[in-house]
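Encoded as structure tokens, the structure appears first; notes follow it.
Nothing in this text is a laboratory measurement; each read-out follows from the coordinates by a stated rule. Since this is a predicted model, take the numbers as computed values, not measurements. In this analysis, Cβ positions are derived from the backbone assuming ideal geometry, glycine residues included, and neighbour counts consider all displayed protein chains.
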Amino acid sequence: MRIVVTNCNTTQGMTEEIVRGARAAAGPGTTVRGLTPAWGPESAEGWLDSYLSAAAVLDTLRTYEGPYDAVVMAGFGEHGREGVRELVDVPVVDITEAAAHLACLLGRRYGVVTTLERSCGQIEDSLDTAGVGRNCAAVVGTGLGVLDLGDDRRTEEAFVAAAERAVAAGAEVLVLGCAGMTGLQRAVGEKLGLPVVDGVGAAVKLAESLVALGLTTSRSGSYAKPLPKRREWGRVGE
């Protein structure tokens, strides 16, 4: 089984971290390849970045020629998943909804701990669109930017502080609200005594399940193939 994982930004080091987490979750016989967009934001933090990221990820998959059986979109709360489902003929799993769906199996309400507060509304909208927003007790920011997540101790401390706010709001399960937080779930789960769901790992396991079951995106209605027409795709430097 071959899974491609799309980073939502142009930071290659983050792609490598995400791929490590994806491979750790993947079963025997599953290969994981990370794709980094050639253009777009170096980190996705806000509406403008998110829309740019969505177009860049779509362009990356449009031009990728390698074989793959499923796509994992590793941008938490970012746009583009609906477009990718129209574009490709394999299952597409977004880490946002994957984490939320698994969290709903573990407790009545979950909380998301993310990076900057400015991302919270965007994540809430993404969860609502996926149909799992009603189970979300809170989306809480740590105050850390995406590119600040390399400092493990600082990230863990900020996550625990934000998680306590989510728990106070009624969360019984916690979700890592950024692909760059992958790997943090065990340490903070032990400290907080709650299940912590990593979206990258959740998405990989769900993607494997869909492929193994022979299931892919429905072409009836919402995710029908794009209408045939002339489309102009920009190029770097144009």
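In a DSSP loop and with at most 13 other Cβ atoms within 10 Å, the trypsin sites (Lys or Arg not before Pro) in segment 70-158 are 108.
What list do you get for 123, 95 if you sort them by fewest beta carbons within 10 Å? Mind showing how you got there, number by number?
Values: 123 24, 95 34.
Ordered by Cβ neighbours within 10 Å, fewest first: 123, 95.
Long hydrophobic helices in the chain: the complete DSSP H runs spanning 18 Å or more by Cα along their own axis with mean Kyte-Doolittle hydropathy of at least 0.0 are 47-63, 199-212.
Straight distance only, please: which aspartates and glutamates reach the Cα of residue 205 with their own Cα at less than 18 Å, same-chain residues fewer than 8 apart left out? Residue 205 reaches 17, 69, 94, 97. DSSP assigns beta bridges within the chain; of those with both partners inside it, close to 0 percent run antiparallel.
Simple point charges give the picture: +1 on the Cβ of Lys and Arg, -1 on the Cβ of Asp and Glu, and for the chain a dipole about the Cα centre of about 660 debye.
Using Cβ contacts closer than 10 Å as the measure, can you line up 68, 110 from fewest to most? Write out the running numbers ahead of the final one.
Details: 68 19, 110 29.
So the residues, fewest neighbours to most, are 68, 110.
Ranked by Cβ crowding within 10 angstrom, fewest neighbours first, how are 232, 164, 16 ordered? Display every interim value, and only then the final one.
On the way: 232 6, 164 15, 16 12.
Going from least to most buried by this count: 232, 16, 164.
Positive end of the dipole of the chain (Cβ unit charges, origin at the Cα centre): among 92, 138, 58, the Cα lying farthest that way belongs to 92.
Quick check on the chain: helices-only [θ] at 222 nm, where DSSP H runs of length 4 and up contribute -39,500 (n - 2.57) each and the sum goes over total residues. Nearest 500, please. Spell out each step's value before the answer.
Details: 8 runs with 97 residues, N = 238.
Value at 222 nm, helices only: -12500 deg cm²/dmol.
Shown for segment 96-199 is the translational diffusion coefficient from the Stokes-Einstein equation, using the Kirkwood radius over Cα pairs, a temperature of 20 °C and a viscosity of 1.002 mPa s: 164 µm²/s. State the Cα centre-to-centre distance between segment 151-208 and segment 18-95 in whole Å. Value for the Cα centre distance between the two parts: 21 Å.
Can you compute the charge dipole magnitude of segment 96-199 about its Cα centre, using +1 on each Lys and Arg Cβ and -1 on each Asp and Glu Cβ, nothing else charged? Give it in debye, rounded to the nearest 20.
Numbers: 9 positive and 14 negative charges, 49 e Å.
Rounded to the nearest 20 debye, it is 240 debye.
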